[in-house]
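Everything on this sheet refers to the single structure shown next.
Every number here is computed from the coordinates shown, using simple stated rules; none is lab data. What you see is a predicted model, and the numbers here were worked out from it, not measured in a lab. A quick note on method: Cβ atoms are made from the backbone with ideal geometry, for glycine too, and the neighbour counts reach across all protein chains shown.
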Amino acid sequence: MKRIIAPSILAANFLELGKEIEMINQSNAEWIHYDVMDGVFVPNISFGLPVLEQINTIAKKPLDVHLMITDPTPYIIPFKEAGASIITVHYETCVHLNRTINLIKEQGIMASVCLNPHTPVDLLDEILPELDMVLLMSVNPGYGGQTFIESTYKKVKKLRRMIDSRGLKTLIEVDGGVNHNTGKKLFEAGVNVLVSGSYLFKSSDPKQTISDLLSV
Ligand code: DX5
Ligand code: ZN
């Protein structure tokens, strides 16, 4: 199964953001994970459209935008225009999820839905064939550097069965507390994309850590 690493730049050194993006450009990471937090849906505020626009001028990898915002639908087109290649919205924030997913796909980019740790994968039963990816949170969203929630493995396996039994190509991404140990078990459970923030950026050689994570 294809393996992708998406470094979360929430853990990057913002004073050296250009250099951090350059490191990712030269690494074996396939995507760049970009966490947008509004201080309402999650108890933290990160960055938004202007920073993404600037990253897009130098990034050579697709920008994987994770919207942790209360009302994401009006922001789909602005984020696409700022450079997003993949947009993830939270199940918990979309009253008309089908409409929001269609809007993302109409922009010609990948559409993905994220589930908080407490939200069951069964709720995706109807929408699953429409999705390019499902993002499973393995921490409560809002901060980097949190401890991985162990029940995620079971959730990944269940979602993998739902996808395979229907012959779908939907990717599974996991976000939060990913390191060498959790990453290995996640790939074994059927994950395609690992997001990694603090483990990767705080390592002595992030570029090497990306390669190591790919071959755990
Ligand atoms: C958490 C964010 C994550 C975060 C992961 O709300 O969605 O993408 O950056 O950070 P680590 O890998 O440090 O748990
Ligand atoms: Zn994220």
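Quick notes on this one:
- Packing-based ranking, highest mean first, of 204-213, 75-84 given that Cβ atoms within 10 Å are counted: 75-84, 204-213
- Approximate spin-label separation Glu188-Val216, in nm, with each point projected 7 Å along Cα-to-Cβ: 1.1
- Counting DSSP beta bridges with both ends in the chain, the antiparallel % (nearest 5): 5
- Difference of contour (0.36 nm per residue) and Cα-Cα distance, Ser165 to Arg3: 56.3 nm
- The length gained by stretching the chain between Glu22 and Asn140 to full extension, at 0.36 nm per residue less their Cα-Cα distance, is 39.6 nm.
- Residues Phe14 and Asp71, FRET efficiency given R0 of 25 Å [Cβ-Cβ distance, rounded to 0.05]: 0.45
- Of Glu173, Glu22, Glu126, the one that fluctuates the most in a GNM where the chain has Cα springs shorter than 10 Å: Glu126
- Using a cutoff of 8 angstrom between alpha carbon atoms and counting only pairs six or more residues apart, the relative contact order for the chain works out to 22 percent.
- Percent of Cα-Cα distances greater than 22 Å, calculated over the chain: 45
- Distances between placed amide hydrogens fall under 5 Å for Asn28 paired with Ser211, all partners being 5 or more residues away or on another chain.
- Cross-link partners of Lys19 among aspartates and glutamates, defined as those whose alpha carbon lies under 14 angstrom from its own and excluding same-chain residues fewer than eight positions apart: Asp205.
- Calculated on the alpha-carbon coordinates, the convex hull of the stretch 97-136 measures out at 60 cubic angstrom per residue.
- The number of Lys pairs in the stretch 94-203 with C-alpha atoms less than 25 Å apart, excluding pairs fewer than 8 positions apart on the same chain, is 17.
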